[in-house]
Amino acid sequence: MLPLSFALSRHVLLRKRILASCKRPAAFMTTFLINQPRYAWLKDLGLKEENEGVYNGLWGGRGEIVTTYCPANHEPIASVRQASLEDYEETIKKAKEAWKIWADVPAPKRGEIVRQIGDALRKKIKDLGSLVSLEMGKIFVEGVGEVQEYVDVCDYAVGLSRMIGGPVLPSERPGHALIEQWNPVGLVGIITAFNFPVAVYGWNNAIAMICGNACLWKGAPTTSLISVAVTKIVAKVLEDNKVPGAICSLICGGADIGTAMARDERVDLLSFTGSTKVGKQVALMVQERFGRSLLELGGNNAIIVFEDADLNLVIPSALFAAVGTAGQRCTTARRLFLHESIHDEVVEKLAKAYAQIRIGDPWDSTTLYGPLHTKQAVTMFLDAVEQAKQQGGSVVYGGKVLNRPGNYVEPTIVTGLPHNASIVHTETFAPILYVLKFKTEEEVFAWNNEVKQGLSSSIFTKDLGRIFRWLGPKGSDCGVVNVNIPTSGAEIGGAFGGEKHTGGGRESGSDSWKLYMRRSTCTINYSKDLPLAQGIKFQ
(Lines give C-alpha, C1' and ligand atoms only; values in the text may rest on other atoms or scores of the structure.)
Protein backbone atom coordinates (compact mmCIF):
# COMPACT_ATOMS: atom_id res chain seq x y z
CA MET A 1 0.00 0.00 0.00
CA LEU A 2 1.30 3.46 -0.89
CA PRO A 3 1.50 6.27 1.69
CA LEU A 4 -1.14 8.98 1.79
CA SER A 5 1.45 11.47 0.54
CA PHE A 6 1.45 9.63 -2.78
CA ALA A 7 -1.69 11.52 -3.82
CA LEU A 8 -0.68 14.63 -5.74
CA SER A 9 -2.48 17.91 -5.56
CA ARG A 10 -4.65 17.37 -8.64
CA HIS A 11 -6.06 14.22 -7.20
CA VAL A 12 -6.52 15.71 -3.74
CA LEU A 13 -8.71 18.29 -5.48
CA LEU A 14 -10.45 15.50 -7.40
CA ARG A 15 -11.31 13.64 -4.21
CA LYS A 16 -12.59 16.81 -2.58
CA ARG A 17 -14.91 17.39 -5.52
CA ILE A 18 -16.20 13.82 -5.38
CA LEU A 19 -16.62 14.06 -1.63
CA ALA A 20 -18.62 17.26 -2.00
CA SER A 21 -20.82 15.68 -4.66
CA CYS A 22 -21.65 12.72 -2.41
CA LYS A 23 -23.01 15.11 0.20
CA ARG A 24 -25.45 16.72 -2.22
CA PRO A 25 -29.15 15.85 -1.97
CA ALA A 26 -30.33 12.84 -3.97
CA ALA A 27 -32.50 15.12 -6.10
CA PHE A 28 -29.38 16.38 -7.83
CA MET A 29 -28.31 12.85 -8.76
CA THR A 30 -30.46 12.40 -11.83
CA THR A 31 -27.96 10.86 -14.27
CA PHE A 32 -25.03 8.52 -14.38
CA LEU A 33 -22.11 9.88 -12.42
CA ILE A 34 -19.96 9.74 -15.55
CA ASN A 35 -22.10 12.51 -17.10
CA GLN A 36 -21.48 14.92 -14.24
CA PRO A 37 -18.60 17.37 -14.77
CA ARG A 38 -16.87 16.45 -11.52
CA TYR A 39 -16.43 12.88 -12.84
CA ALA A 40 -14.95 13.93 -16.17
CA TRP A 41 -11.78 12.01 -15.28
CA LEU A 42 -13.70 8.80 -16.00
CA LYS A 43 -13.71 9.77 -19.66
CA ASP A 44 -9.94 10.21 -19.50
CA LEU A 45 -9.90 6.43 -18.96
CA GLY A 46 -11.86 5.94 -22.19
CA LEU A 47 -15.15 5.25 -20.43
CA LYS A 48 -18.57 6.50 -21.51
CA GLU A 49 -22.18 6.16 -20.38
CA GLU A 50 -22.63 2.75 -22.05
CA ASN A 51 -19.45 0.74 -22.56
CA GLU A 52 -18.74 -2.31 -24.67
CA GLY A 53 -17.68 -5.21 -22.47
CA VAL A 54 -16.00 -7.46 -25.03
CA TYR A 55 -12.54 -6.95 -26.49
CA ASN A 56 -10.82 -9.36 -28.87
CA GLY A 57 -8.94 -6.91 -31.03
CA LEU A 58 -12.21 -5.08 -31.58
CA TRP A 59 -14.71 -3.80 -29.01
CA GLY A 60 -18.23 -5.17 -28.91
CA GLY A 61 -20.78 -7.05 -26.85
CA ARG A 62 -24.29 -8.37 -27.51
CA GLY A 63 -25.37 -9.39 -24.01
CA GLU A 64 -27.37 -7.62 -21.34
CA ILE A 65 -26.54 -4.14 -20.09
CA VAL A 66 -25.32 -4.04 -16.48
CA THR A 67 -25.12 -0.80 -14.50
CA THR A 68 -22.52 -0.52 -11.75
CA TYR A 69 -23.10 1.54 -8.62
CA CYS A 70 -20.90 3.47 -6.22
CA PRO A 71 -20.85 1.61 -2.87
CA ALA A 72 -20.38 4.90 -1.02
CA ASN A 73 -23.63 6.50 -2.16
CA HIS A 74 -25.63 3.95 -4.24
CA GLU A 75 -25.47 6.23 -7.29
CA PRO A 76 -25.16 4.68 -10.78
CA ILE A 77 -21.75 5.26 -12.36
CA ALA A 78 -22.13 3.93 -15.92
CA SER A 79 -23.13 0.73 -17.68
CA VAL A 80 -21.39 -2.08 -19.53
CA ARG A 81 -22.87 -4.26 -22.22
CA GLN A 82 -21.92 -7.79 -21.26
CA ALA A 83 -20.91 -10.65 -23.54
CA SER A 84 -23.28 -13.16 -25.03
CA LEU A 85 -22.22 -16.77 -25.52
CA GLU A 86 -21.83 -15.93 -29.21
CA ASP A 87 -19.38 -13.18 -28.22
CA TYR A 88 -17.55 -15.70 -26.07
CA GLU A 89 -17.19 -18.16 -28.94
CA GLU A 90 -15.93 -15.48 -31.29
CA THR A 91 -13.47 -14.12 -28.72
CA ILE A 92 -11.95 -17.44 -27.75
CA LYS A 93 -11.32 -18.27 -31.41
CA LYS A 94 -9.54 -14.95 -31.89
CA ALA A 95 -7.54 -15.45 -28.70
CA LYS A 96 -6.36 -18.88 -29.85
CA GLU A 97 -5.31 -17.45 -33.21
CA ALA A 98 -3.52 -14.56 -31.51
CA TRP A 99 -1.60 -17.03 -29.36
CA LYS A 100 -0.01 -18.56 -32.48
CA ILE A 101 1.61 -15.20 -33.19
CA TRP A 102 2.47 -14.36 -29.58
CA ALA A 103 4.13 -17.73 -28.89
CA ASP A 104 6.64 -17.03 -31.68
CA VAL A 105 7.69 -13.69 -30.18
CA PRO A 106 10.95 -14.16 -28.22
CA ALA A 107 10.42 -14.02 -24.47
CA PRO A 108 12.57 -10.89 -23.92
CA LYS A 109 10.54 -9.06 -26.57
CA ARG A 110 7.35 -10.19 -24.84
CA GLY A 111 8.88 -8.76 -21.68
CA GLU A 112 9.47 -5.43 -23.40
CA ILE A 113 5.78 -5.19 -24.28
CA VAL A 114 4.82 -6.05 -20.69
CA ARG A 115 7.22 -3.29 -19.57
CA GLN A 116 5.30 -0.85 -21.75
CA ILE A 117 2.03 -2.03 -20.18
CA GLY A 118 3.50 -1.22 -16.76
CA ASP A 119 4.53 2.25 -17.94
CA ALA A 120 1.07 2.88 -19.42
CA LEU A 121 -0.52 1.91 -16.11
CA ARG A 122 1.85 4.28 -14.28
CA LYS A 123 0.56 7.18 -16.34
CA LYS A 124 -3.04 6.41 -15.36
CA ILE A 125 -2.40 5.15 -11.84
CA LYS A 126 -4.29 7.85 -9.97
CA ASP A 127 -7.29 7.86 -12.29
CA LEU A 128 -7.44 4.06 -12.09
CA GLY A 129 -7.04 4.24 -8.32
CA SER A 130 -9.94 6.69 -8.20
CA LEU A 131 -12.06 4.32 -10.28
CA VAL A 132 -11.28 1.44 -7.92
CA SER A 133 -12.48 3.61 -5.05
CA LEU A 134 -15.57 4.70 -6.96
CA GLU A 135 -16.69 1.27 -8.20
CA MET A 136 -15.26 -1.17 -5.61
CA GLY A 137 -15.34 1.07 -2.54
CA LYS A 138 -11.83 0.72 -1.09
CA ILE A 139 -10.08 3.89 0.04
CA PHE A 140 -8.12 5.87 -2.52
CA VAL A 141 -4.62 4.95 -1.33
CA GLU A 142 -5.56 1.25 -1.42
CA GLY A 143 -6.98 1.74 -4.92
CA VAL A 144 -3.74 3.34 -6.10
CA GLY A 145 -1.75 0.66 -4.27
CA GLU A 146 -3.66 -2.03 -6.12
CA VAL A 147 -2.76 -0.56 -9.49
CA GLN A 148 0.82 -0.26 -8.23
CA GLU A 149 0.80 -4.04 -7.68
CA TYR A 150 0.06 -4.56 -11.38
CA VAL A 151 2.87 -2.14 -12.24
CA ASP A 152 5.28 -3.94 -9.91
CA VAL A 153 4.39 -7.35 -11.33
CA CYS A 154 5.05 -5.98 -14.82
CA ASP A 155 8.52 -4.92 -13.66
CA TYR A 156 9.06 -8.35 -12.09
CA ALA A 157 7.88 -10.08 -15.26
CA VAL A 158 10.27 -8.08 -17.46
CA GLY A 159 13.25 -9.50 -15.61
CA LEU A 160 11.70 -12.94 -15.53
CA SER A 161 11.34 -12.89 -19.32
CA ARG A 162 15.13 -13.19 -19.59
CA MET A 163 15.50 -15.80 -16.86
CA ILE A 164 12.99 -18.57 -17.56
CA GLY A 165 14.78 -21.81 -18.22
CA GLY A 166 15.04 -25.46 -17.33
CA PRO A 167 18.05 -27.36 -16.04
CA VAL A 168 20.54 -29.37 -18.06
CA LEU A 169 20.60 -32.69 -16.21
CA PRO A 170 23.38 -35.31 -16.18
CA SER A 171 22.47 -38.24 -18.42
CA GLU A 172 23.50 -41.76 -17.45
CA ARG A 173 23.99 -42.60 -21.13
CA PRO A 174 27.14 -41.55 -22.99
CA GLY A 175 26.62 -39.18 -25.90
CA HIS A 176 23.25 -38.04 -24.56
CA ALA A 177 21.99 -34.70 -23.22
CA LEU A 178 19.07 -34.48 -20.79
CA ILE A 179 17.29 -31.13 -20.52
CA GLU A 180 14.00 -29.60 -19.38
CA GLN A 181 12.12 -27.45 -21.88
CA TRP A 182 9.35 -25.08 -20.75
CA ASN A 183 6.68 -23.93 -23.20
CA PRO A 184 3.52 -21.84 -22.79
CA VAL A 185 0.30 -23.70 -22.05
CA GLY A 186 -1.55 -21.63 -24.68
CA LEU A 187 -4.66 -19.75 -23.53
CA VAL A 188 -5.00 -18.69 -19.89
CA GLY A 189 -8.50 -17.90 -18.70
CA ILE A 190 -8.53 -15.44 -15.80
CA ILE A 191 -11.63 -15.00 -13.62
CA THR A 192 -11.15 -12.33 -10.95
CA ALA A 193 -13.16 -11.16 -7.94
CA PHE A 194 -14.54 -7.74 -7.01
CA ASN A 195 -12.23 -7.08 -4.07
CA PHE A 196 -9.01 -6.78 -6.11
CA PRO A 197 -10.36 -5.92 -9.57
CA VAL A 198 -6.98 -4.77 -10.93
CA ALA A 199 -4.19 -6.50 -9.02
CA VAL A 200 -5.31 -10.12 -9.36
CA TYR A 201 -5.63 -9.75 -13.12
CA GLY A 202 -2.19 -8.11 -13.16
CA TRP A 203 -0.55 -10.97 -11.24
CA ASN A 204 -1.87 -13.47 -13.77
CA ASN A 205 -1.66 -11.38 -16.92
CA ALA A 206 1.93 -10.14 -16.69
CA ILE A 207 3.38 -13.56 -15.83
CA ALA A 208 1.20 -15.42 -18.34
CA MET A 209 2.20 -13.01 -21.12
CA ILE A 210 5.96 -13.28 -20.70
CA CYS A 211 5.55 -17.07 -20.59
CA GLY A 212 4.05 -16.83 -24.08
CA ASN A 213 0.35 -17.25 -23.33
CA ALA A 214 -2.69 -15.38 -24.54
CA CYS A 215 -5.17 -14.28 -21.85
CA LEU A 216 -8.96 -14.23 -21.64
CA TRP A 217 -10.24 -12.12 -18.71
CA LYS A 218 -13.62 -12.20 -17.02
CA GLY A 219 -13.79 -9.75 -14.13
CA ALA A 220 -16.57 -9.44 -11.57
CA PRO A 221 -19.78 -7.97 -13.05
CA THR A 222 -19.95 -5.39 -10.25
CA THR A 223 -16.54 -3.97 -11.26
CA SER A 224 -16.96 -4.15 -15.03
CA LEU A 225 -15.92 -0.54 -15.59
CA ILE A 226 -12.53 -1.30 -14.06
CA SER A 227 -12.14 -4.31 -16.37
CA VAL A 228 -12.94 -2.15 -19.40
CA ALA A 229 -10.64 0.70 -18.34
CA VAL A 230 -7.67 -1.61 -17.68
CA THR A 231 -8.18 -3.46 -20.96
CA LYS A 232 -8.23 -0.19 -22.90
CA ILE A 233 -4.80 0.66 -21.48
CA VAL A 234 -3.40 -2.79 -22.27
CA ALA A 235 -5.00 -2.88 -25.73
CA LYS A 236 -3.38 0.43 -26.72
CA VAL A 237 0.06 -0.98 -25.92
CA LEU A 238 -0.59 -4.14 -27.95
CA GLU A 239 -1.89 -2.13 -30.90
CA ASP A 240 1.12 0.22 -30.78
CA ASN A 241 3.39 -2.82 -30.97
CA LYS A 242 1.41 -4.22 -33.90
CA VAL A 243 0.55 -7.48 -32.19
CA PRO A 244 -3.00 -8.83 -32.00
CA GLY A 245 -5.16 -7.21 -29.33
CA ALA A 246 -6.80 -10.58 -28.73
CA ILE A 247 -3.64 -11.60 -26.85
CA CYS A 248 -5.34 -9.86 -23.91
CA SER A 249 -9.02 -10.45 -24.55
CA LEU A 250 -11.83 -9.28 -22.27
CA ILE A 251 -15.21 -10.93 -21.85
CA CYS A 252 -17.46 -9.21 -19.30
CA GLY A 253 -20.26 -11.46 -18.15
CA GLY A 254 -21.88 -13.49 -15.45
CA ALA A 255 -22.02 -17.12 -14.40
CA ASP A 256 -22.82 -18.33 -17.92
CA ILE A 257 -19.51 -17.00 -19.23
CA GLY A 258 -17.60 -18.34 -16.23
CA THR A 259 -19.14 -21.78 -16.71
CA ALA A 260 -18.29 -21.73 -20.39
CA MET A 261 -14.65 -20.97 -19.57
CA ALA A 262 -14.46 -23.73 -16.97
CA ARG A 263 -15.88 -26.35 -19.34
CA ASP A 264 -14.00 -25.25 -22.46
CA GLU A 265 -11.09 -27.52 -23.42
CA ARG A 266 -9.64 -24.63 -25.42
CA VAL A 267 -8.87 -22.86 -22.13
CA ASP A 268 -5.54 -24.47 -21.29
CA LEU A 269 -5.29 -23.02 -17.77
CA LEU A 270 -8.11 -21.46 -15.79
CA SER A 271 -7.10 -19.13 -12.97
CA PHE A 272 -10.04 -18.49 -10.67
CA THR A 273 -10.13 -16.10 -7.72
CA GLY A 274 -13.27 -16.06 -5.61
CA SER A 275 -15.21 -17.91 -2.93
CA THR A 276 -14.48 -21.48 -1.92
CA LYS A 277 -18.05 -22.47 -2.79
CA VAL A 278 -17.83 -21.28 -6.39
CA GLY A 279 -14.20 -22.37 -6.67
CA LYS A 280 -15.16 -25.94 -5.87
CA GLN A 281 -17.69 -25.91 -8.72
CA VAL A 282 -15.09 -24.44 -11.08
CA ALA A 283 -12.50 -27.03 -10.03
CA LEU A 284 -14.87 -29.92 -10.67
CA MET A 285 -15.79 -28.63 -14.13
CA VAL A 286 -12.14 -28.14 -15.08
CA GLN A 287 -11.08 -31.50 -13.64
CA GLU A 288 -13.89 -33.26 -15.50
CA ARG A 289 -12.16 -32.34 -18.74
CA PHE A 290 -8.68 -33.05 -17.28
CA GLY A 291 -7.89 -29.36 -17.50
CA ARG A 292 -5.53 -27.28 -15.41
CA SER A 293 -6.72 -24.80 -12.80
CA LEU A 294 -5.14 -22.27 -10.48
CA LEU A 295 -7.44 -21.55 -7.53
CA GLU A 296 -7.19 -18.63 -5.10
CA LEU A 297 -10.18 -19.05 -2.80
CA GLY A 298 -11.23 -18.18 0.75
CA GLY A 299 -9.23 -17.50 3.87
CA ASN A 300 -10.11 -17.65 7.57
CA ASN A 301 -6.88 -16.12 8.74
CA ALA A 302 -5.58 -15.93 12.29
CA ILE A 303 -3.17 -13.73 14.23
CA ILE A 304 -1.70 -15.36 17.36
CA VAL A 305 -0.32 -13.06 20.06
CA PHE A 306 1.88 -14.57 22.77
CA GLU A 307 2.56 -13.07 26.18
CA ASP A 308 6.01 -11.82 25.11
CA ALA A 309 4.73 -9.96 22.03
CA ASP A 310 5.47 -6.29 21.38
CA LEU A 311 1.99 -4.75 21.66
CA ASN A 312 3.22 -1.66 19.81
CA LEU A 313 3.37 -3.93 16.77
CA VAL A 314 0.29 -6.00 17.59
CA ILE A 315 -2.35 -3.26 17.80
CA PRO A 316 -1.70 -1.53 14.44
CA SER A 317 -1.13 -4.90 12.76
CA ALA A 318 -4.42 -6.35 13.98
CA LEU A 319 -6.21 -3.12 13.10
CA PHE A 320 -4.96 -3.06 9.51
CA ALA A 321 -5.41 -6.78 8.97
CA ALA A 322 -8.99 -6.80 10.27
CA VAL A 323 -10.25 -3.43 9.02
CA GLY A 324 -8.29 -2.77 5.81
CA THR A 325 -10.50 -2.83 2.70
CA ALA A 326 -13.42 -3.04 5.17
CA GLY A 327 -12.59 -6.67 5.86
CA GLN A 328 -12.94 -7.67 2.20
CA ARG A 329 -9.47 -9.11 1.60
CA CYS A 330 -8.90 -12.83 1.31
CA THR A 331 -6.02 -12.23 3.75
CA THR A 332 -8.15 -10.28 6.26
CA ALA A 333 -7.56 -11.33 9.88
CA ARG A 334 -10.83 -12.87 11.10
CA ARG A 335 -9.51 -14.64 14.21
CA LEU A 336 -7.29 -13.04 16.86
CA PHE A 337 -5.90 -15.51 19.41
CA LEU A 338 -4.62 -13.78 22.55
CA HIS A 339 -2.73 -15.45 25.38
CA GLU A 340 -4.96 -15.37 28.43
CA SER A 341 -2.46 -13.22 30.36
CA ILE A 342 -2.76 -10.31 27.91
CA HIS A 343 -6.29 -10.85 26.56
CA ASP A 344 -8.06 -8.07 28.43
CA GLU A 345 -5.29 -5.53 27.88
CA VAL A 346 -5.16 -6.12 24.13
CA VAL A 347 -8.95 -6.03 23.73
CA GLU A 348 -9.06 -2.70 25.56
CA LYS A 349 -6.28 -1.20 23.45
CA LEU A 350 -7.78 -2.56 20.23
CA ALA A 351 -11.25 -1.19 21.01
CA LYS A 352 -9.71 2.24 21.61
CA ALA A 353 -7.91 1.99 18.27
CA TYR A 354 -11.15 1.01 16.52
CA ALA A 355 -12.83 4.08 17.98
CA GLN A 356 -10.26 6.26 16.21
CA ILE A 357 -10.81 4.78 12.74
CA ARG A 358 -11.72 7.53 10.31
CA ILE A 359 -14.79 6.27 8.47
CA GLY A 360 -15.99 8.08 5.38
CA ASP A 361 -15.96 8.50 1.66
CA PRO A 362 -13.18 6.50 0.00
CA TRP A 363 -11.81 9.53 -1.87
CA ASP A 364 -11.22 11.63 1.25
CA SER A 365 -7.49 11.48 2.02
CA THR A 366 -8.20 11.25 5.76
CA THR A 367 -10.45 8.17 5.43
CA LEU A 368 -9.10 4.79 6.54
CA TYR A 369 -12.28 2.75 6.19
CA GLY A 370 -14.87 2.83 3.42
CA PRO A 371 -18.07 0.96 2.57
CA LEU A 372 -18.74 -2.68 1.88
CA HIS A 373 -19.04 -3.45 -1.81
CA THR A 374 -22.74 -4.38 -2.01
CA LYS A 375 -25.98 -4.28 -0.04
CA GLN A 376 -25.83 -8.09 0.09
CA ALA A 377 -22.54 -7.81 1.98
CA VAL A 378 -24.26 -5.60 4.56
CA THR A 379 -26.91 -8.29 5.05
CA MET A 380 -24.21 -10.97 5.50
CA PHE A 381 -22.50 -8.75 8.06
CA LEU A 382 -25.67 -8.37 10.13
CA ASP A 383 -26.42 -12.09 9.93
CA ALA A 384 -22.91 -12.98 11.12
CA VAL A 385 -23.10 -10.56 14.07
CA GLU A 386 -26.45 -12.05 15.10
CA GLN A 387 -25.10 -15.61 14.84
CA ALA A 388 -22.09 -14.64 16.94
CA LYS A 389 -24.38 -13.35 19.67
CA GLN A 390 -26.54 -16.46 19.54
CA GLN A 391 -23.44 -18.65 19.89
CA GLY A 392 -22.32 -16.86 23.05
CA GLY A 393 -20.23 -13.98 21.72
CA SER A 394 -20.21 -10.42 23.07
CA VAL A 395 -19.86 -7.44 20.74
CA VAL A 396 -17.35 -5.15 22.44
CA TYR A 397 -17.17 -2.75 19.52
CA GLY A 398 -19.33 -2.09 16.46
CA GLY A 399 -21.91 -4.52 15.16
CA LYS A 400 -24.26 -2.04 13.52
CA VAL A 401 -25.04 -0.50 10.14
CA LEU A 402 -24.07 3.16 9.94
CA ASN A 403 -26.91 5.62 9.35
CA ARG A 404 -25.59 7.24 6.18
CA PRO A 405 -25.84 6.69 2.41
CA GLY A 406 -23.88 3.75 1.07
CA ASN A 407 -22.98 0.30 2.35
CA TYR A 408 -21.33 1.35 5.59
CA VAL A 409 -21.11 -0.88 8.66
CA GLU A 410 -19.18 -0.49 11.90
CA PRO A 411 -15.90 -2.43 12.16
CA THR A 412 -16.67 -5.04 14.78
CA ILE A 413 -14.90 -6.89 17.59
CA VAL A 414 -16.51 -9.99 19.14
CA THR A 415 -15.18 -11.74 22.26
CA GLY A 416 -16.22 -14.72 24.34
CA LEU A 417 -16.68 -17.34 21.63
CA PRO A 418 -15.02 -20.78 21.77
CA HIS A 419 -12.39 -21.47 19.14
CA ASN A 420 -14.61 -24.06 17.43
CA ALA A 421 -17.82 -22.01 17.27
CA SER A 422 -19.43 -22.46 13.86
CA ILE A 423 -19.43 -18.72 13.12
CA VAL A 424 -15.71 -18.55 13.93
CA HIS A 425 -15.14 -21.25 11.33
CA THR A 426 -17.19 -19.33 8.74
CA GLU A 427 -15.50 -16.80 6.46
CA THR A 428 -17.76 -13.74 6.42
CA PHE A 429 -16.40 -11.22 3.94
CA ALA A 430 -16.90 -8.30 6.32
CA PRO A 431 -14.96 -6.46 9.07
CA ILE A 432 -15.74 -8.80 11.97
CA LEU A 433 -12.86 -9.89 14.22
CA TYR A 434 -13.36 -12.80 16.65
CA VAL A 435 -11.03 -12.46 19.65
CA LEU A 436 -10.26 -15.77 21.39
CA LYS A 437 -8.25 -16.79 24.46
CA PHE A 438 -5.57 -19.51 24.55
CA LYS A 439 -3.21 -21.00 27.11
CA THR A 440 -0.51 -23.00 25.33
CA GLU A 441 1.45 -22.90 22.10
CA GLU A 442 0.43 -26.42 21.18
CA GLU A 443 -3.31 -25.76 21.43
CA VAL A 444 -3.26 -22.44 19.57
CA PHE A 445 -1.18 -23.82 16.69
CA ALA A 446 -3.80 -26.56 16.39
CA TRP A 447 -6.63 -24.00 16.51
CA ASN A 448 -4.98 -21.99 13.75
CA ASN A 449 -4.98 -25.09 11.54
CA GLU A 450 -8.43 -26.47 12.41
CA VAL A 451 -10.36 -24.30 9.93
CA LYS A 452 -10.89 -25.56 6.39
CA GLN A 453 -9.01 -22.71 4.74
CA GLY A 454 -5.25 -22.32 4.78
CA LEU A 455 -4.28 -18.98 3.28
CA SER A 456 -2.53 -16.59 5.68
CA SER A 457 -1.39 -16.72 9.32
CA SER A 458 0.73 -14.72 11.71
CA ILE A 459 2.25 -14.91 15.18
CA PHE A 460 3.66 -12.16 17.39
CA THR A 461 6.46 -13.34 19.69
CA LYS A 462 10.12 -12.77 20.56
CA ASP A 463 10.81 -16.47 21.22
CA LEU A 464 13.19 -17.70 18.51
CA GLY A 465 12.42 -21.36 19.11
CA ARG A 466 8.69 -20.70 18.84
CA ILE A 467 9.21 -18.83 15.59
CA PHE A 468 10.91 -21.81 13.96
CA ARG A 469 8.34 -24.24 15.36
CA TRP A 470 5.68 -22.00 13.78
CA LEU A 471 7.47 -22.15 10.43
CA GLY A 472 8.08 -25.89 10.68
CA PRO A 473 6.07 -29.05 9.95
CA LYS A 474 3.96 -28.82 13.13
CA GLY A 475 3.37 -25.10 12.83
CA SER A 476 1.07 -23.18 10.51
CA ASP A 477 -0.43 -25.14 7.60
CA CYS A 478 -1.06 -21.99 5.56
CA GLY A 479 0.53 -20.84 2.33
CA VAL A 480 1.48 -17.49 3.89
CA VAL A 481 3.18 -17.80 7.29
CA ASN A 482 4.21 -14.54 8.98
CA VAL A 483 6.04 -13.48 12.12
CA ASN A 484 5.50 -10.09 13.79
CA ILE A 485 3.60 -8.69 10.81
CA PRO A 486 -0.13 -8.91 9.96
CA THR A 487 -1.83 -11.49 7.75
CA SER A 488 -2.45 -9.07 4.88
CA GLY A 489 -0.07 -7.14 2.67
CA ALA A 490 1.80 -9.77 0.63
CA GLU A 491 4.71 -8.74 -1.59
CA ILE A 492 4.80 -9.62 -5.28
CA GLY A 493 8.18 -11.38 -5.04
CA GLY A 494 6.84 -14.29 -3.02
CA ALA A 495 4.43 -16.88 -4.37
CA PHE A 496 0.95 -16.02 -3.12
CA GLY A 497 -1.70 -18.62 -2.32
CA GLY A 498 -2.88 -21.16 0.21
CA GLU A 499 -3.66 -24.75 1.08
CA LYS A 500 -6.78 -26.88 1.74
CA HIS A 501 -10.03 -25.10 0.82
CA THR A 502 -8.03 -22.06 -0.27
CA GLY A 503 -7.34 -24.05 -3.42
CA GLY A 504 -3.61 -24.70 -3.49
CA GLY A 505 -2.85 -22.12 -6.17
CA ARG A 506 0.21 -19.87 -6.28
CA GLU A 507 0.44 -16.59 -8.16
CA SER A 508 3.00 -13.86 -8.80
CA GLY A 509 6.52 -14.46 -7.46
CA SER A 510 8.98 -17.28 -6.77
CA ASP A 511 8.52 -20.13 -9.28
CA SER A 512 4.78 -19.59 -9.84
CA TRP A 513 5.59 -18.93 -13.50
CA LYS A 514 5.78 -22.70 -13.90
CA LEU A 515 1.99 -22.93 -13.49
CA TYR A 516 1.58 -20.98 -16.72
CA MET A 517 3.82 -23.33 -18.69
CA ARG A 518 4.11 -26.99 -19.56
CA ARG A 519 7.31 -28.93 -18.94
CA SER A 520 8.94 -31.43 -21.28
CA THR A 521 11.82 -33.68 -20.31
CA CYS A 522 13.95 -33.91 -23.44
CA THR A 523 16.69 -36.42 -24.25
CA ILE A 524 19.00 -35.76 -27.19
CA ASN A 525 21.26 -38.46 -28.56
CA TYR A 526 24.22 -36.83 -30.29
CA SER A 527 26.23 -40.06 -30.58
CA LYS A 528 26.18 -42.87 -33.14
CA ASP A 529 25.19 -45.47 -30.53
CA LEU A 530 21.87 -46.34 -28.94
CA PRO A 531 22.47 -47.27 -25.29
CA LEU A 532 19.36 -47.83 -23.17
CA ALA A 533 18.71 -46.44 -19.72
CA GLN A 534 19.34 -48.56 -16.61
CA GLY A 535 21.92 -50.52 -18.61
CA ILE A 536 19.24 -52.62 -20.33
CA LYS A 537 20.51 -54.74 -23.24
CA PHE A 538 17.93 -55.44 -25.95
CA GLN A 539 19.71 -57.39 -28.67
Computed accessible area, Lys437, all protein chains, 1.4 angstrom probe, square angstrom: 120 Å²
Filtered chymotrypsin sites (Phe, Trp or Tyr not before Pro), the range 508-539: DSSP coil and at most 12 other beta carbons within 10 Å: Tyr526, Phe538
Point-charge dipole on Cβ atoms (K/R +1, D/E -1) for the chain, about Cα centre, debye to 20: 860 debye
Order of exposure, largest accessible area first, which applies to Arg519, Arg115, Arg38 with probe 1.4 Å: Arg519, Arg115, Arg38
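Compute the signed sum of charges (Lys and Arg +1, Asp and Glu -1) over the other residues within less than 13 Å, Cβ to Cβ, of Ile164.
+3
Restricting to DSSP loop positions (anything but H, G, I, E, B) with no more than 13 other Cβ atoms inside 10 Å of their own Cβ, which GluC sites (Glu not before Pro) remain in the range 299-381?
Glu307, Glu340
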Cut-off 10 Å between beta-carbons: net charge of the residues surrounding Gln116, Lys and Arg +1, Asp and Glu -1: -1
Around Asp155: net Lys/Arg minus Asp/Glu count, Cβ-Cβ under 12 Å: -1
Restricting the range 32-84 to GluC sites (Glu not before Pro) in coil, as DSSP defines it, with at most 16 other Cβ within 10 Å: Glu49, Glu64
With DNA, RNA and ligands ignored, accessible area of Glu410 (1.4 Å probe; Å², nearest 10): 50 Å²
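Could you sort the peptides 357-364, 439-446 by per-residue average Cβ neighbour count (10 Å cutoff), highest mean leading?
Descending mean neighbour count gives 357-364, 439-446.
The values are calculated or read from the model by the stated rules, or taken from the named source; none is laboratory data. Predicted model, so just to flag it, every value in this text is computed and none were measured. Cβ: placed from backbone, ideal geometry, glycine included. Neighbour counts: every protein chain shown. These area figures cover heavy atoms from the full protein model, side chains too; ligands, DNA and RNA do not enter into them. Shrake-Rupley method; radii C 1.70, N 1.55, O 1.52, S 1.80 Å.
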